[in-house]
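Have a look at the structure below, then the notes.
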Amino acid sequence: MDELYSIGDAARRTGLSVSAIRFYADAGIVAPTRLAESGTRLYDLRAIARLDLVRTLRDLDTGLDDIRRLLAGETTLHDLFVLHLELVESQERTLRARRAVLRTLVGQGGTIEQAALMQRLVSMSDEERERLIDDFWTEVSEGLDASPVFVDSLRAIRPHLPDDPTATQLEAWIELGDLVGNPDFRQAVRTYLQDAYHTPPGRQMTTTPVQEFIHITGTEIMADLLAAHREGLPPDAPRVKAAATRLAAATADLTGKQPDTAFTSDLAAKFRLIEEIEREPLDEDPAFDSTHGRYLSLVATINATPPDPPIPFTWLAAALEHSV
């Protein structure tokens with residue numbers, strides 16, 4: 001016959017209190033192995049092992065009904081852990097969202113109305129967030145004197161909050177969602193875009209050929225060149241020179257010029273100048289930083305977009321010079 005232990009011994013072996021063991025017995029979770037003539041509850045090693053399992057599961061906040069089902073053989077330990085993990089992850093997301101709201105409210109000295117708005121923002125579905133961003137860009141771009149391709153490129157940069165966002169991503173979304181719904185911010189972004197792109201250089205940037213170069217043709221060529229640079233190829237490598245020739249030709253096509261030696265040399269000189277300019281501290285642009293720039297910064301945080309790697313302008317200039 002297996003050795004039996006008193007309820008006090010069972011408590012010492014499991015780390016449970018005597019009252020907790022009595023509670024689990026009365027709740028039909030782990031009954032004593034038998035009762036002594038005096039009424040004392042006695043437990044064998046199997047019962048003590050079940051009590052130890054109960055303690056572990058309760059430390060993980062597993063509900064009594066789930067524990068009862070497990071011990072009754074109605075579910076497996078693996079299935080129970082899977083179910084409980086899903087519950088904990090759901091609670092974690094909820095708590096993370098609440099923390100993001102509270103941190104924002106504390107930082108802003110927020111009101112009840114702001115708290116309700118922020119809670120609504122973090123509870124939005126993907127479709128609701130898409131509609132909010134669509135409404136923002138529809139109003140901002142209405143009547144904007146720019147090509148449809150440029151407007152589409154503006155609308156394409158939008159937040160995609162992941163299913164399991166970090167607190168930082170949630171805080172960024174709260175700020176962005178609040179901003180894009182604000183009529184004053186919408187007007188400020190619209191005004192900035194109008195001012196930035198109504199001048200001849202700005203208007204040139206918004207034309208369809210330039211936009212196609214920036215987002216399609218030029219992107220593909222630059223990707224080839226940067227890949228070659230990462231691989232350690234020298235500027236005079238055949239593959240590099242071929243890509244540099246394509247870059248010069250595509251750039252010349254934008255201005256209606258020929259990609260001859262003079263044009264290519266001038267483009268290389270401009271790349272070297274950009275390298276020099278980038279060494280100098282950048283002047284802040286408050287109009288950009290508080291409007292479209294803030295939108296872009298928050299979207300990058302929400303999407304966890306890594307910063308662009310530095311462009312090797314001097315290497316590119318040398319590649320252009322070797323291509324002629």
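Packing, as the average of other Cβ atoms within 10 Å across residues, places the peptides 56-65, 135-144 in the order 135-144, 56-65, highest first.
Each Lys and Arg adds +1 at its Cβ and each Asp and Glu adds -1 at its Cβ; summed about the Cα centre, the chain shows a dipole of about 980 debye. Seen from every direction in turn and averaged, the convex hull around the alpha carbons of region 29-134 projects onto 11.5 nm². With each label modelled as a point 7 angstrom along the Cα→C-beta vector, the ARG98-ASP260 pair spans 7.3 nm.
At a probe radius of 1.4 Å, what is the per-residue accessible area of SER6, in Å² to the nearest 10? Its heavy atoms expose roughly 40 Å² to the probe.
Comparing ARG120, ARG103, ARG55 in a Gaussian network model of the chain, where Cα atoms under 10 Å apart are tied by springs, the biggest mean-square fluctuation is seen for ARG55.
All Cα-Cα distances of region 89-155, cut into 5 Å bins from zero to the largest, leave 3, 14, 17, 15, 15, 13, 10, 9, 3, 0 percent in each bin in turn. Would you mind pulling out the separation of the Cα centroids of region 302-324 and region 138-198, in Å? Centre-to-centre distance over Cα atoms comes out at 27 Å. Each principal axis of the Cα cloud of the chain was taken in turn, and the coordinate range along them, longest first, works out to 108, 53, 35 Å.
FRET efficiency for the pair THR40 and HIS78, taken as 1/(1 + (r/R0)^6) with r the Cβ-Cβ distance and R0 = 45 Å, rounds to 0.80. For region 267-275, putting each phi into the Karplus relation 6.51 cos²θ - 1.76 cosθ + 1.60 with θ = phi - 60° gives couplings of 5, 4, 5, 5, 5, 5, 5, 4, 4 Hz, in residue order, rounded to whole numbers and with x for Gly and Pro. Solvent exposure of region 168-311 amounts to 59 Å² per residue of accessible area, where only protein heavy atoms count and the probe is 1.4 Å. Which FRET efficiency, nearest 0.05, do ASP236 and ASP308 yield, Cβ-Cβ r, R0 25 Å? According to the calculation, E is roughly 0.45.
Within region 205-324, the proportion of Cα pairs with more than 21 Å between them is 49 percent. The C-alpha atoms of the chain define a longest principal axis, and helix 126-141 lies at about 20 degrees to it. Leaving out ligands, DNA and RNA, and with a 1.4 Å probe, what % of the accessible surface on the chain is carbon or sulfur? Summing carbon and sulfur atoms, their accessible area is 54 percent of the total for the chain. To the nearest 10 degrees, how steep is helix 45-59 against the longest Cα principal axis of the chain, on a 0 to 90 scale? It works out to around 40 degrees. Using the Cβ-Cβ distance between VAL324 and THR208 with R0 set to 41 Å, the FRET efficiency from 1/(1 + (r/R0)^6) comes to roughly 0.90. Each Lys and Arg adds +1 at its Cβ and each Asp and Glu adds -1 at its Cβ; summed about the Cα centre, region 131-278 shows a dipole of about 560 debye. Please report the spacing between the Cα centers of region 59-96 and region 13-48 in Å, no decimals. Distance between centres, Cα-based: 23 Å. For the chain, calculate the relative contact order in percent as a whole number, restricting contacts to Cα pairs under 8 Å that are 6 or more residues apart. Once normalised by length, the contact order is 15 percent.
The values are calculated or read from the model by the stated rules, or taken from the named source; none is laboratory data. None of the values given here were measured: they were computed from a predicted structure. We place every Cβ from the backbone using ideal geometry, glycine too, and count neighbours over all the protein chains shown. Just the protein is used for accessible areas: all its heavy atoms, side chains included, with ligands, DNA and RNA removed. Shrake-Rupley method; radii C 1.70, N 1.55, O 1.52, S 1.80 Å.
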